[in-house]
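Only one structure is covered here, and it is reproduced in the block below.
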Amino acid sequence: MGEIVLVSGKVELPTNAFEQYFQKLLDIWCDRCDIFNKRLAGTCLIDKDTEEFDGVCKKANVMATGEVQIRKMVPKSEFFSTLAYEASFPNGSLCRRFYPCVLDGARHPHVAFPYTVSLQVVSSIMPDTTICELCIHANVCEESSWLCSTAFPSLLRVLKNMDLTKPSIKTHSLVDSDSFIKTYRRIKAEYGRQIVNDWSERTDPLKYVYEDCCIAAYLSEVYKNRRKELKFCDVGCGNGLLVYLLNKLDFNGFGFDLRERRIWSKFKNVDLREFTLNPEKEFIMDTNFLIGNHNDELTPWIPVIAARRKCDFFLLPCCPFGFYGPFTTKSKTSGSCSSIYNSYLEFLRNLCTKLGFTVREDRLRIPSTKRHCFLCSVPPAGLPADVESIIGSFTGCSNGSFLARTKSIQVLNNTKIPRELQELLVKKIFFYLYWKPNISATDWRQGGEVSLSEVIDILDEKDKLLLKSSCGGLQTFLKNHHQVFKVEKARVAVRDWATEGSAKNGKQKTKACWFHLNHPQGCPLSAELCSFKH
């Protein structure tokens with residue numbers, strides 16, 4: 001039986017560029033298929049003229065021509081084949097055929113049957129716009145449900161929202177995916193699970209432990225050939241876990257933070273120091289590699305310290321901070337739609353480049369929205385002779401001075417905002433959503449769904465200052481009021497309380513129902529069914 005169209009969807013594309021849109025979509029599907037398939041950690045493009053390439057072509061029954069590409073699929077779990085591949089080649093400018101195979105008999109982690117992705121021109125509605133149809137073809141197959149119901153809608157959405165002017169950013173572009181995942185699995189199995197069980201901090205161990213396992217595996221892969229020569233310093237090391245893991249991976253180094261953590265005592269023979277750094281006056285000794293991992297106000301100082309120390313560094317920025325306070329400047333060159341975070345990355349990129357470092361950038365696969373990192377090294381010719389003058393051009397334009405954090409733990413979740421002001425802000429956002437086109441299928445009005453950026457636009461400067469001064473942000477505020485709002489993927493809606501608000505058996509009701517008191521239609525649930533008090 002020949003191939004049939006399993007699933008298709010229409011999309012409007014520029015008439016003079018729909019081929020470029022399709023090619024970029026294929027590049028994303030082939031090189032970054034892990035964003036569609038959560039079973040994958042990444043892919044590796046196999047070099048031509050190798051035995052591996054020829055063996056896969058033979059197994060997949062594909063002729064090894066110049067247009068054939070073969071990628072190795074790297075699964076997150078050992079449950080799937082570690083020798084899974086996908087051969088592909090173009091069949092015209094708007095069509096590409098895919099042939100998967102495994103060499104070890106185990107289950108393929110991606111699409112396990114031959115299929116074709118094509119773009120077909122349907123009609124031109126205007127001189128500059130063409131209606132196209134994205135299609136996936138294959139033989140009828142019981143295993144096709146994931147491809148049709150999960151992968152294809154995501155693929156179509158990527159095509160509809162695509163911007164050709166923005167480069168595709170690949171995760172872990174500086175490391176071999178296959179080698180990285182093996183290192184990560186080993187760290188997770190040998191150290192990560194035990195640390196999760198022994199966790200004594202207030203933070204979520206499943207997030208922070210495995211995030212540091214991933215960072216440790218990444219640094220180990222990037223610098224594996226320099227393992228013996230590096231002596232690192234983790235500046236603002238927090239819980240000290242990254243220092244512990246790197247030591248276990250045979251990297252020599254230490255970490256310091258202004259406050260000792262309870263869990264430090266569990267990391268035997270690890271050099272963790274309680275120390276408050278003033279980067280304007282003090283110099284970190286006994287190191288040739290700096291790590292700046294989500295260290296906030298010290299972030300822009302890491303390149304400065306490294307320049308004075310003439311050493312390499314790794315920087316993973318989180319909250320935007322300048323030299324003397326929060327970074328609040330939107331870049332003019334990044335475009336009017338650029339976020340503060342993207343402007344901050346541009347500021348750091350410019351700082352590192354001006355100081356003379358060779359700058360490489362990547363994105364980490366960690367459970368955080370702030371995943372962009374810088375890997376900077378001193379070039380063979382060294383840094384500029386006038387590096388102090390360059391530092392002064394960045395730090396001397398302000399009359400401020402560096403202010404380190406206090407040792408006491410601050411509350412960072414908006415709970416210090418007065419209750420009456422919280423209620424006013426909740427109602428403002430609720431009624432904005434309430435009068436949007438209704439997304440609820442019931443008579444109880446839920447309102448619409450909007451982006452977080454749209455909600456920010458309805459807040460006045462007093463509201464924004466209130467959130468900022470309470471050491472939290474809008475998303476934190478909305479999540480604190482989780483009965484009213486649902487936040488997912490940077491979008492917010494009123495929670496569908498009719499389906500999500502039922503009380504759990506045996507759980508005592510201690511708080512009043514917000515919808516019962518404030519929704520124009522009241523609570524959609526009875527007092528017996530609602531999980532809050534009426």
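Every number here is computed from the coordinates shown, using simple stated rules; none is lab data. In this text, all values refer to a predicted model and were calculated from it rather than measured experimentally. Every residue, glycine as well, gets a Cβ built from its backbone with ideal geometry; the counts of neighbours run over all protein chains shown.
What's the FRET efficiency of ASN278 with LYS354 using the Cβ-Cβ distance as r and R₀ = 22 Å, to the nearest 0.05? Before the final figure, lay out each step's value.
Details: r = 23 Å, r/R0 = 1.04.
The calculated FRET efficiency here is 0.45.
Before anything else, pin down the relative contact order of the chain: Cα pairs under 8 Å, at least 6 apart, normalised by residue count, whole percent.
Values: 857 pairs, mean separation 44.0, N = 534.
Reported relative contact order: 8 percent.
How far is the Cα center of segment 301-328 from the Cα center of segment 228-290, in Å?
Here the two parts' Cα centres lie 16 Å apart.
Any idea what the dipole of the chain comes to, in debye rounded to 20, about its Cα centre with Lys/Arg Cβ at +1 and Asp/Glu Cβ at -1? Each step should come with its number before you reach the end.
On the way: 71 positive and 60 negative charges, 306 e Å.
In debye, rounded to 20, the chain gives about 1460.
For segment 4-160, what does the relative contact order come out to in percent, with C-alpha contacts under 8 Å and a separation of six or more? The partial results should precede the final answer.
Numbers: 287 pairs, mean separation 46.6, N = 157.
Taking the mean separation of contacting Cα pairs over the length of segment 4-160, I get 30 percent.
By a straight-distance test (C-alpha under 20 Å), which lysines pair with LYS10 as possible cross-link partners, with residues fewer than eight away in the same chain excluded?
LYS10 reaches LYS24, LYS160.
For segment 177-218, count all C-alpha to C-alpha pairs, find those more than 14 Å apart, and express that count as a whole percent of the total. Write out the running numbers ahead of the final one.
Values: 368 of 861 pairs.
Taking all Cα-Cα pairs of segment 177-218, the fraction more than 14 Å apart is 43 percent.
Which peptide among 97-109, 344-356, 270-282 comes first, and what is the full order, when sorted by highest mean count of other Cβ atoms within 10 Å?
By packing density, highest mean first, the sequence is 344-356, 97-109, 270-282.
Using the Cα gyration tensor of segment 210-279, with a ≥ b ≥ c the square roots of its eigenvalues, what is the shape: rounded (a/c below 1.5), prolate (a/b larger than b/c) or oblate (neither)? Can you show the working numbers first?
Details: a/c = 1.87, a/b = 1.51, b/c = 1.24.
It is prolate, given that a/c is not under 1.5 and a/b is the larger ratio.
What lysines sit close enough to LYS504 to cross-link, taking a C-alpha to C-alpha distance under 28 Å and skipping anything fewer than 8 places away on the same chain?
LYS207, LYS427, LYS479, LYS486, LYS489, LYS533
Using the Cα gyration tensor of segment 175-320, with a ≥ b ≥ c the square roots of its eigenvalues, what is the shape: rounded (a/c below 1.5), prolate (a/b larger than b/c) or oblate (neither)? Walk me through the intermediate numbers first.
Details: a/c = 1.70, a/b = 1.23, b/c = 1.38.
Verdict is oblate for segment 175-320.
Enumerate the residues in segment 346-372 having an amide nitrogen under 14 Å from the point lying 7 Å beyond the Cα of ASP204 toward its Cβ.
Inside the label zone: 366-370.
How much length, in nm to one decimal, is gained on full extension between TRP146 and LYS310, taken as 0.36 nm per residue of separation minus their Cα-Cα distance? Walk me through the numbers on the way to the answer.
Numbers: separation 164, 0.36 × 164 = 59.04 nm, distance 5.14 nm.
Length gained, TRP146 through LYS310: 53.9 nm.
Rounded to the nearest 0.05, what FRET efficiency is calculated for ASP250 and LEU103 with R0 set to 41 Å and r the Cβ-Cβ distance? If you can, show how the numbers build up before the last one.
Details: r = 32 Å, r/R0 = 0.78.
That pair, ASP250 with LEU103, gives E of 0.80.
How high is the relative contact order of segment 296-368, in percent, counting Cα pairs under 8 Å that sit 6 or more residues apart?
Working: 63 pairs, mean separation 19.2, N = 73.
Worked out over segment 296-368, it gives 26 percent.
Sort segment 439-534 into rounded, prolate or oblate with this rule: let a ≥ b ≥ c be the square roots of the eigenvalues of the Cα gyration tensor; rounded if a/c is under 1.5, and if a/c is not under 1.5, prolate when a/b is larger than b/c, oblate otherwise.
Numbers: a/c = 2.27, a/b = 1.62, b/c = 1.40.
Since a/c reaches 1.5 and a/b is larger than b/c, the shape of segment 439-534 is classed as prolate.
Please compute the length gained on full extension between GLN508 and SER331, using 0.36 nm multiplied by the number of residues separating them and subtracting their Cα-Cα distance.
Working: separation 177, 0.36 × 177 = 63.72 nm, distance 5.04 nm.
Extra length from GLN508 to SER331 when fully extended: 58.7 nm.
Excluding residues fewer than 8 places away in the same chain, name every one of the lysines whose C-alpha is closer than 18 Å to that of LYS248.
The reachable lysines, counting only those whose Cα sits under 18 Å from LYS248, are LYS182, LYS188, LYS224, LYS228, LYS231, LYS266, LYS268.
Stretched out fully, how many nm does the piece from SER8 to LYS58 gain, at 0.36 nm a residue minus the Cα gap?
Details: separation 50, 0.36 × 50 = 18.00 nm, distance 3.09 nm.
14.9 nm is the gain from fully extending SER8 to LYS58.
Can you give the % of DSSP beta bridges in the chain that are antiparallel, to the nearest 5? Numbers along the way, then the final one.
Working: 58 of 76 bridges.
Around 75 percent of the beta bridges assigned by DSSP in the chain are antiparallel ones.
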